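Colleague: Sharing a structure below in structure tokens format, with a few things to ask.
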Amino acid sequence: MARGFKRSRRGIRARLDDGERGLLAHLFVEVHEMLDDETSADDDPLAVLVGIGTAVDLPGDPAVARLLPDAHRDDPDASAEFRRYTEAGLRERKRTGLEVARRSLGRDGATLVLDEDEAQAWVVALTDVRLVLASRMGLEVDEDHERLEALAAAELAAEAQGVPAQDGDGDGDGDVPPSSGLAWVLAVYDFLTWLQESLVEALLEPLPHD
């Protein structure tokens, strides 16, 4: 069972079991792949070299759009121009951070030990995964979490009684997939939130004395 991050003289430490490490690694890989952006053969090689892309619109996937939001929501032209010059670099930085976090999970030993740079990469990687999960669940504000908890509880109760899963909102229009596993996704989201909070607190802790 996981134990949250703590600062030590060796680094930022946490204890994660094999299942938790596997889950985190899988999530980091999934979000990394969502951020993949293949360069078109028609792109200007010089533009590619200096990180200027062709993307000017908000990504169509709502989850990716939360990772790469518009910079100027009230000015579409300024937002498009800003995105053209920054999105490629932002995607690459996020992918790099996710890869740093994933690789650190592969180290031997029951205790995960991160240096300061790795810990900072973890903070961003956990934020990105949480944003994706929140988007998939429709979690936008604090009140949404309460609504989702109620739906998850109903889902678990139905499963315990052997009742087939229904539409998440009960209107039969199919907008929420049956057997969506909302309870599990929400539990993962809450686990990531707790883990990230412990990491941020550890980063703010002073270095312990001998």
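The values are calculated or read from the model by the stated rules, or taken from the named source; none is laboratory data. For clarity, every value in this text was computed on a predicted model and none was experimentally measured. Note that we place each Cβ from the backbone using ideal geometry, even for glycine, and neighbour counts take in every protein chain shown.
Colleague: Report yes if some residue within segment 123-132 is assigned to a helix (DSSP H, G or I) and without any contact (Cβ under 8 Å) to a residue 24 or more places away in the chain; otherwise report no.
Modeller: First, pick out the residues of segment 123-132 that are assigned to a helix (DSSP H, G or I): 123-132.
Going one step further and asking which of them are without any contact (Cβ under 8 Å) to a residue 24 or more places away in the chain, we end up with none.
No.
Colleague: Within segment 125-138, which residues are surrounded by fewer than 18 Cβ atoms within 10 Å (Cβ to Cβ) and over 8 Å from the mean Cα position of the chain (by Cα)? First the steps, then the outcome.
Modeller: Initially, segment 125-138 is screened for residues surrounded by fewer than 18 Cβ atoms within 10 Å (Cβ to Cβ), giving 127, 135-136, 138.
Listed by number, the residues that qualify are S135, R136, G138.
Colleague: Working only within segment 76-104, note down all residues that are of a type in the set (A, V, I, L, M) and under 16 Å from the mean Cα position of the chain (by Cα). Show your work before the answer.
Modeller: First, the residues of segment 76-104 that are of a type in the set (A, V, I, L, M): 78, 80, 88, 90, 98, 100-101.
Correct list: L90, L98, V100, A101.
Colleague: Here's another thing I want to ask about it. Considering each residue of segment 154-202, count those that are of a type outside the set (A, V, I, L, M, F, W, C) and at pLDDT 95 or above, and give that number.
Modeller: Of the residues in segment 154-202, 7 are of a type outside the set (A, V, I, L, M, F, W, C) and at pLDDT 95 or above.
Colleague: For G106, which of the numbered conditions (1) at pLDDT below 90; (2) in a loop (DSSP other than H, G, I, E, B) fails to hold?
Modeller: All conditions pass for G106, except number (1).
Colleague: I would also like to ask the following. Inspect all residues belonging to segment 35-43 and state whether any of them is assigned to a helix (DSSP H, G or I) and either modelled with pLDDT of 80 or more or over 30 Å from P206 (Cβ atoms) (or both). Write out each step before concluding.
Modeller: In the first step, residues of segment 35-43 are kept if they are assigned to a helix (DSSP H, G or I); the result is none.
No, segment 35-43 contains no residue that is assigned to a helix (DSSP H, G or I) and either modelled with pLDDT of 80 or more or over 30 Å from P206 (Cβ atoms) (or both).
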